[in-house]
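S.K.: Okay, handing you the structure first.
The values are calculated or read from the model by the stated rules, or taken from the named source; none is laboratory data. Being a predicted model, the structure only gives us computed values, none of them experimental. For neighbour counting, all protein chains shown are included, and Cβ atoms are generated from backbone atoms with ideal geometry for every residue, glycine included. The area values use the complete protein model at the heavy-atom level, side chains included, leaving out ligands, DNA and RNA. Shrake-Rupley method; radii C 1.70, N 1.55, O 1.52, S 1.80 Å.
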Amino acid sequence: AQAGEEATRACLGKAEEAKAGVEAMAAGLRQDAEKMREQIASLAESAKGAAVTAEKHAEAAAEHTQHIAALRDRAMESARDLAPTQMSGASDQQKQALDELAARLDLIEALGLPLEPEAYLVRGNSYFARDEYDRAVRCYAKAVELKQDYGQAWGSWGRALLAEAKRK
């Protein structure tokens, strides 16, 4: 009987030790869970801040896009005004206006906005006026590609090809 009681006490002792170990593990898990909740709350707060920042950036980008589109529209108005300017015999003032507009059109195109055929004609005229016939040819070709019935671009393209051939 005494051996049975000792065995029971030993089992109870082991059970108490196991219970204490389980309670310690549970306390550690509760602490870990609380830390994780705090980290999640912190991440959620950071995500909210990032979302607000992203929204502000998106609004700014939309404003910039509208501004760039307005610049493109003004440049295209200028291009339509300057498109009839003949390359040969252009005044220095006309050449300067062509160069300035061509530079703006280069920037607009670099920003990924589409250009109209008149823009390529103006750029070609600018290159032609500077005797850069190969570049002029490419611009006129693009104008014709965009507008197949663009007679002025076809004529300018032919003059540029002829000038390039004469130079060689």
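S.K.: In segment 117-147, how many are among the β-branched types (Val, Ile, Thr) and either in contact with a His (Cβ under 9 Å, 6 or more places away or on another chain) or closer than 18 Å to residue 91 by Cβ (or both)? Let's see the steps before the verdict.
M.R.: Going through segment 117-147, the residues among the β-branched types (Val, Ile, Thr) turn out to be 122, 137, 144.
If we keep only those that are either in contact with a His (Cβ under 9 Å, 6 or more places away or on another chain) or closer than 18 Å to residue 91 by Cβ (or both) as well, we get 122.
Counting residues in segment 117-147 that are among the β-branched types (Val, Ile, Thr) and either in contact with a His (Cβ under 9 Å, 6 or more places away or on another chain) or closer than 18 Å to residue 91 by Cβ (or both) gives 1.
S.K.: Would you mind stating whether residue 144 is part of a helix (DSSP H, G or I) and modelled with pLDDT of 90 or more?
M.R.: Working: part of a helix (DSSP H, G or I): yes; modelled with pLDDT of 90 or more: yes.
Answer is yes for this residue.
Each row is one residue, and each column tells you yes or no for (1) over 30 Å from residue 61 (Cα atoms); (2) without any contact (Cβ under 8 Å) to a residue 40 or more places away in the chain; (3) assigned to a helix (DSSP H, G or I); (4) open to solvent by 70 Å² or more (accessible area, probe 1.4 Å).
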| site | (1), (2), (3), (4) |
| --- | --- |
| 113 | no, no, no, no |
| 118 | no, no, yes, no |
| 123 | no, yes, yes, no |
| 126 | yes, yes, yes, no |
| 153 | yes, yes, yes, no |
| 157 | yes, yes, yes, no |
| 163 | yes, yes, yes, no |
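S.K.: Now for a different question. For residue 73, indicate whether it is at pLDDT below 90, assigned to a helix (DSSP H, G or I) and open to solvent by 50 Å² or more (accessible area, probe 1.4 Å). Full working, then the answer.
M.R.: Numbers: at pLDDT below 90: yes; assigned to a helix (DSSP H, G or I): yes; open to solvent by 50 Å² or more (accessible area, probe 1.4 Å): yes.
Taking the combined requirement at face value, the residue satisfies it.
S.K.: Within segment 128-141, which residues are assigned to a helix (DSSP H, G or I) and among the basic types (Lys, Arg)?
M.R.: Once the filter is applied, which keeps residues that are assigned to a helix (DSSP H, G or I) and among the basic types (Lys, Arg), segment 128-141 yields 135, 138.
S.K.: If you go through segment 78-100 one residue at a time, do you hit one that is assigned to a helix (DSSP H, G or I), at pLDDT below 70, crowded, with 17+ Cβ neighbours inside 10 Å and not small (Gly, Ala, Ser)?
M.R.: Scanning segment 78-100 turns up at least one residue that is assigned to a helix (DSSP H, G or I), at pLDDT below 70, crowded, with 17+ Cβ neighbours inside 10 Å and not small (Gly, Ala, Ser).
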